[in-house]
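Report on one structure; see the data block that follows.
The values are calculated or read from the model by the stated rules, or taken from the named source; none is laboratory data. Bear in mind that the values here come from a model prediction, so they are computed numbers and not experimental data. Because the Cβ atoms are built from the backbone with ideal geometry, glycine has one as well, and the counts that use them run over all protein chains shown. Note: areas computed on protein heavy atoms with side chains; ligands, DNA, RNA excluded. Shrake-Rupley method; radii C 1.70, N 1.55, O 1.52, S 1.80 Å.
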Amino acid sequence: MPWNYRFLFVLILTLGTSNFASAVEVAKTEDPTDPENVYANVDEEYVELIQLFADTLDQVDRNYVKDVDRRELMEAAIRGVISKLDPYSNYIAPEDLERFKTGVESEFGGIGIQISTRDGQLVVTSPLFGTPAYEAGIIAGDRITHIEGEETKGLSIDDAIKKLKGPVGTEVTMTVYHPSTFSSEKVNVRREMVQIETVLGDERLEGGNWDFMFDHADKIGYVRVSAFSRHTADDLHQAITRLLDDGMKGLVLDLRSNPGGLLTSAVEICDMFIDEGKIVSTEGRNSPKRVWTAEKDGTLPDFPMVVLIDHYSASASEILSACLQDHDRATIIGERSWGKGSVQNIIELEEGKSALKLTTAGYQRPSGEKIHRFEGDTESDKWGVSPDDGMDVKMSREQKVAYHTYRRLRDQDTIIPHPPAPQPELSEIDPVLSKGLEHLKAAISSS
């Protein structure tokens, strides 16, 4: 709210709606160019709405059946306003601000999931590899319906995270609905300090390191990026450099169930693959436009590449896949992404006692199209990242369950030794990766 409207709001509360309206009428007869005349160029419709809000607060404060704490009433009103925006905007009350600023302290832990909301439901967008949630069998797309017995419908992302975090070693009880099997179960997950390994291969070598060469005969590399952290770009560069030293001819970059992370990490990775042009830009109604562009220095050699995405690829993973798609650097295979391409700013309130986390801008891909799926957008609107023509591969519920089970066991092959088992046909267990390999082999043979 601009300063003059804040001033008017205080006046309305002080004078009452009828006295304020009279003051405005008198002010209109005075010199509108007078800098002291704060009423000269006000938006009358906005003032009427402020009057309505102030009058409602006044009536509740004076006439409700029992006394209501004014701060609680005002914070409830603020949260009501924020609830009409998007899931990523939030009011941070004074008692929560310090925790928000400092992030996760050493005595606090988590369970290793990324969450979002859709249609008022708490959705797991990614269980991070090796974390308690991953080991408990939680998969992307699961709905958390209860935390410690309390229903989560309508709960904000920040409030849900607050409930899931806690002292290391303690447990959190959740009720998880699995859309893949139409079943719910109670899950007890132990909180730990979550340290995320973000650059992964298909299987581990005996020493515990990843083997990034998926097909040693055709020299096709395979790298999964589970999230975008401070070290992801360096780790990915090292993995690809090793692959090139081993004679790699094509690369599969798997961003499925990648919930995003640091913008700087995504920009650095884009810059590895393209030598010029726009990577991503941001623009808002009241925010200056900002553009990130690629530089030639440090660009990796050109080689055929496919990027795998699914419905739970979000944020930074959408920035990366959109950039590579718009620059014709990679073929995108899988399902349409989540559509999370918004920028949040932290705005101090009450001279720093509380704050507003507010969506102020959105990301645009190099083509200029938006990434974010706003409220009211439909499947026919332009948002997110869609597979290239002929590269849309959807997996059935049964396939997704089988794939996540297979992936979890394969990730732990050298961590939990077990007798060798027959491997399923890749086209049956992971048709998206199978399609990517087929496309790469054709591209390699024709080059």
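Would you confirm whether any residue within segment 356-375 is open to solvent by 30 Å² or more (accessible area, probe 1.4 Å), acidic (Asp, Glu), touching a residue at least 40 places away in the same chain (Cβ under 8 Å) and within 26 Å of residue 139 (Cα to Cα)?
Yes, the conditions are met somewhere in segment 356-375.
Which residue is nearest to residue 364 (Cα to Cα), if the candidates are limited to segment 270-296 and must be free of Cβ contacts under 8 Å to residues at least 40 places away in the same chain, surrounded by 15 or more Cβ atoms within 10 Å (Cβ to Cβ) and among the aliphatic types (A, V, I, L, M)?
Looking at residues that are free of Cβ contacts under 8 Å to residues at least 40 places away in the same chain, surrounded by 15 or more Cβ atoms within 10 Å (Cβ to Cβ) and among the aliphatic types (A, V, I, L, M), I get 294.
Which one is farthest from the chain's Cα centre (by Cα), of the residues in segment 231-243 that are within 13 Å of residue 301 (Cβ to Cβ) and surrounded by 16 or more Cβ atoms within 10 Å (Cβ to Cβ)?
Applying the first criterion (within 13 Å of residue 301 (Cβ to Cβ)) to segment 231-243 yields 237, 240-241, 243.
Next, only the ones that are surrounded by 16 or more Cβ atoms within 10 Å (Cβ to Cβ) stay: 237, 240, 243.
Values: 237: 24, 240: 26, 243: 30 Å.
The residue in question is 243.
Is it the case that some residue within segment 208-215 is within 28 Å of residue 88 (Cβ to Cβ) and either among the hydrophobic types (A, V, I, L, M, F, W, C) or part of a strand (DSSP E or B) (or both)? Working first, answer last.
Initial filter on segment 208-215 (within 28 Å of residue 88 (Cβ to Cβ)): none.
Looking for residues that are within 28 Å of residue 88 (Cβ to Cβ) and either among the hydrophobic types (A, V, I, L, M, F, W, C) or part of a strand (DSSP E or B) (or both), one finds none in segment 208-215, hence no.
Among the residues of segment 217-226, count how many are open to solvent by 10 Å² or more (accessible area, probe 1.4 Å) and of a type in the set (A, V, I, L, M). Outline the logic, then answer.
Keep residues of segment 217-226 that are open to solvent by 10 Å² or more (accessible area, probe 1.4 Å), which gives 217-219, 224, 226.
Still in the list and also of a type in the set (A, V, I, L, M): 217.
Total satisfying the criteria: 1.
Could you tell me how many of the residues in segment 324-339 are within 13 Å of residue 256 (Cβ to Cβ) and either open to solvent by 10 Å² or more (accessible area, probe 1.4 Å) or out of contact with any Leu (no Cβ under 7 Å at 6 or more places or on another chain) (or both)?
Of segment 324-339, the ones within 13 Å of residue 256 (Cβ to Cβ) are 332-338.
Those left that are additionally either open to solvent by 10 Å² or more (accessible area, probe 1.4 Å) or out of contact with any Leu (no Cβ under 7 Å at 6 or more places or on another chain) (or both): 332, 335-338.
Residues in segment 324-339 being within 13 Å of residue 256 (Cβ to Cβ) and either open to solvent by 10 Å² or more (accessible area, probe 1.4 Å) or out of contact with any Leu (no Cβ under 7 Å at 6 or more places or on another chain) (or both): 5 in total.
Output the residues belonging to segment 39-77 that are under 29 Å from residue 160 (Cα atoms) and in contact with a Ser or Thr (Cβ under 9 Å, 6 or more places away or on another chain).
75, 77
Find the residue count for segment 244-258, including only residues that are among the polar types (S, T, N, Q) and either in contact with a Leu (Cβ under 8 Å, 6 or more places away or on another chain) or open to solvent by 10 Å² or more (accessible area, probe 1.4 Å) (or both). I'd like the intermediate steps shown before the answer.
Taking segment 244-258 and keeping what is among the polar types (S, T, N, Q), we get 257-258.
Adding the requirement that they be either in contact with a Leu (Cβ under 8 Å, 6 or more places away or on another chain) or open to solvent by 10 Å² or more (accessible area, probe 1.4 Å) (or both) leaves 257.
Selection size over segment 244-258: 1.
Where in segment 255-360 are there strands (runs of 3 or more DSSP E), lying wholly inside it, with at least 3 residues that are under 30 Å from residue 72 (Cβ atoms)?
On the way: elements: 278-284, 287-293, 305-309, 331-334, 342-349.
Those strands (runs of 3 or more DSSP E) span 342-349.
Looking at 313, 321, 265, 342, can you tell me which residue is touching a Pro at 6+ places or on another chain (Cβ under 9 Å) and buried (at least 19 other Cβ atoms within 10 Å of the Cβ)? It would help to see each step written out before you state the result.
Numbers: 321 fails: touching a Pro at 6+ places or on another chain (Cβ under 9 Å); 265 fails: touching a Pro at 6+ places or on another chain (Cβ under 9 Å); 342 fails: touching a Pro at 6+ places or on another chain (Cβ under 9 Å).
The conditions single out 313.
Can you tell me which residues in segment 152-169 are aliphatic (A, V, I, L, M) and either open to solvent by 20 Å² or more (accessible area, probe 1.4 Å) or under 14 Å from the mean Cα position of the chain (by Cα) (or both)? Even if it seems obvious, please write down each step before you answer.
Step one: list which residues in segment 152-169 are aliphatic (A, V, I, L, M), which gives 155, 157, 160-161, 164, 168.
Residues satisfying the conditions are 155, 157, 161, 168.
Does residue 196 fit the bill of being outside any helix (DSSP H, G or I), on the phi < 0 side of the Ramachandran plot and under 20 Å from the mean Cα position of the chain (by Cα)?
Considered against the rule, which asks whether it is outside any helix (DSSP H, G or I), on the phi < 0 side of the Ramachandran plot and under 20 Å from the mean Cα position of the chain (by Cα), residue 196 comes out as yes.
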